Amino acid sequence: MASIQITNLSKTYPGASGPSVADINLSIRDGEFIVLVGPSGCGKSTLLRMVAGLEDITGGEIHIGDRLVNRVDPADRDIAMVFQNYALYPHMTVRENMAYGLKNRKTPAAEIEARVAEAARMLELRPYLDRKPRALSGGQRQRVAMGRAVVRQPAAFLFDEPLSNLDAKLRVSMRGEIRRLQKRLGTTSLYVTHDQLEAMTLADRLVVLNGGRIEQIGAPLDIYHRPASTFVASFIGAPAMNLLDAEIAGGTLRLGTVEIARIATAAQGPVSLGIRAEDLSIATQGLPFRLDFIEELGAQRLVHGHVEGQPLTLSLSPDIAISDQMHLAIRPGALHLFDTNTGKRLSLPESERQQIHAPA
């Protein structure tokens with residue numbers, strides 16, 4: 001096991017108008033599970049492939065443990081990678097697939113047998129050791145790919161969207177398997193996904209990427225509750241945070257004609273107001289809400305409508321009565337303010353805001 005240190009890392013492809021990855025600085029502690037998350041094209045897979053040695057770097061440094069690996073071949077970096085397409089040899093059995101890398105490294109046969117047996121036990125693959133990949137389900141194939149990585153006993157695991165080819169139910173169970181396995185082995189892990197729910201449930205820390213740059217690094221719940229920008233606020237969370245055009249005038253935060261909160265600040269003018277769907281509730285007075293449609297999700301319902309002409313979503317229990325026109329209250333301390341020009345979070349101490357429309 002080892003830490004990973006990424007310093008001022010960048011990647012620019014020939015003929016590109018700008019860098020695909022720019023000025024990335026990231027310290028991954030020994031045994032930590034880090035998830036790179038962001039939309040398609042944000043640079044997360046490029047970053048992972050540079051750590052793996054599958055992409056040349058344009059600038060910066062990568063250390064795995066105490067070793068600078070910028071010019072070290074992928075096979076010599078002491079990492080194991082799990083891909084989304086399993087990358088299994090179809091003519092080999094599960095046992096042979098898992099043992100293949102160790103045989104290439106001239107590992108003694110007895111040690112290979114012991115490592116494969118232990119990995120098969122952990123991943124519940126012992127009944128399938130003599131089968132070939134075509135006789136396995138998608139989830140079983142992904143467990144074989146994980147087993148092949150585990151037997152290497154590497155310094156770090158690298159996961160490149162390993163669950164994207166699985167159906168929704170299997171993704172949930174495989175997420176649990178990956179997290180349990182990583183905690184048991186204590187191996188440093190770097191995981192790439194575009195699925196923010198997957199990222200939230202797996203990570204010790206999230207790294208949110210946008211346009212090849214880091215938007216925010218932090219524990220999943222810290223990022224959820226204090227997004228650093230409107231991009232993070234809209235990307236992390238399901239449903240996305242409501243972002244509304246508001247204004248601060250004379251120390252009062254207004255949404256259209258409605259006063260939201262009194263704020264002791266010198267800031268004036270337009271702001272973006274963020275409110276999570278679960279931080280809204282039905283009240284006798286407050287924000288005037290007009291219903292558009294409802295999504296029934298079983299344990300909760302997402303209620304979509306408009307406030308002051310702007311779209312808004314709230315999350316409610318199915319047993320709460322809903323009408324076409326209602327008033328909404330905001331949970332105290334649940335307001336998020338962002339600069340309309342930069343999208344960056346505006347810091348306002350709780351002592352400096354007195355919320356008007358809050359539940360009684």
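The values are calculated or read from the model by the stated rules, or taken from the named source; none is laboratory data. Please read all numbers here as calculations on a predicted model, not as lab measurements. Note that each Cβ is placed from the backbone with ideal geometry, even for glycine, and that neighbours are counted across all protein chains shown. Heads up: the accessible areas ignore ligands, DNA and RNA and are worked out on the full protein's heavy atoms, side chains in. Shrake-Rupley method; radii C 1.70, N 1.55, O 1.52, S 1.80 Å.
Summary of values
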| item | result |
| --- | --- |
| When residues of region 215-244 are limited to those that are in contact with a Ser or Thr (Cβ under 9 Å, 6 or more places away or on another chain) and of a type in the set (Ser, Thr, Tyr), the one least open to solvent (accessible area, probe 1.4 Å) | SER229 |
| Residue pairs meeting the criteria (Cβ under 9 Å; at least 6 apart or on separate chains; first more than 13 Å from SER137 (Cα to Cα), in region 162-182; second among the aromatic types (Phe, Trp, Tyr) and surrounded by fewer than 19 Cβ atoms within 10 Å (Cβ to Cβ)) | PRO162/PHE83 |
| Failed item, numbered, when LEU316 is tested on (1) more than 24 Å from HIS194 (Cα to Cα); (2) crowded, with 20+ Cβ neighbours inside 10 Å; (3) touching a Lys or Arg at 6+ places or on another chain (Cβ under 7 Å); (4) among the aliphatic types (A, V, I, L, M) | (2) |
| Hits in region 26-42 - residues which are over 15 Å from the mean Cα position of the chain (by Cα) and buried (at least 20 other Cβ atoms within 10 Å of the Cβ) | ILE28 |
| Residues satisfying the stated conditions in region 59-79, i.e. surrounded by 13 or more Cβ atoms within 10 Å (Cβ to Cβ) and in a loop (DSSP other than H, G, I, E, B) | GLY65, VAL69, ASN70, VAL72, ARG77, ASP78 |
| Wholly within region 235-284, strands (runs of 3 or more DSSP E) carrying at least 1 residues that are in contact with a Pro (Cβ under 7 Å, 6 or more places away or on another chain), within 30 Å of ASP195 (Cα to Cα) and of a type in the set (Ser, Thr, Tyr) | 280-283 |
| Among (1) touching a residue at least 24 places away in the same chain (Cβ under 8 Å); (2) closer than 16 Å to GLU32 by Cβ; (3) touching a Lys or Arg at 6+ places or on another chain (Cβ under 7 Å); (4) not aliphatic (A, V, I, L, M), the one test that GLY218 misses | (1) |
| Condition met for SER351 (more than 30 Å from GLU296 (Cα to Cα), in a loop (DSSP other than H, G, I, E, B), at pLDDT below 90 and open to solvent by 70 Å² or more (accessible area, probe 1.4 Å)) | no |
| Scan of region 188-214 for residues that are open to solvent by 10 Å² or more (accessible area, probe 1.4 Å) and touching a residue at least 40 places away in the same chain (Cβ under 8 Å), ordered by number | HIS194, ASP195, GLN196, LEU197, ALA203, ASP204, ARG205, ASN210, GLY211, ARG213, ILE214 |
| Any hit, region 43-51, residues being in a strand (DSSP E or B) and surrounded by 22 or more Cβ atoms within 10 Å (Cβ to Cβ) | no |
| Residue identified as in contact with a Cys (Cβ under 9 Å, 6 or more places away or on another chain) and either touching a residue at least 40 places away in the same chain (Cβ under 8 Å) or of a type outside the set (Gly, Ala, Ser) (or both) among LEU36, LEU47, LEU54 | LEU36 |
| Conditions (1) loosely packed, with under 14 Cβ neighbours inside 10 Å; (2) out of contact with any strand residue (DSSP E or B) (no Cβ under 6 Å at 6 or more places or on another chain); number of the one not met by GLU295 | (2) |
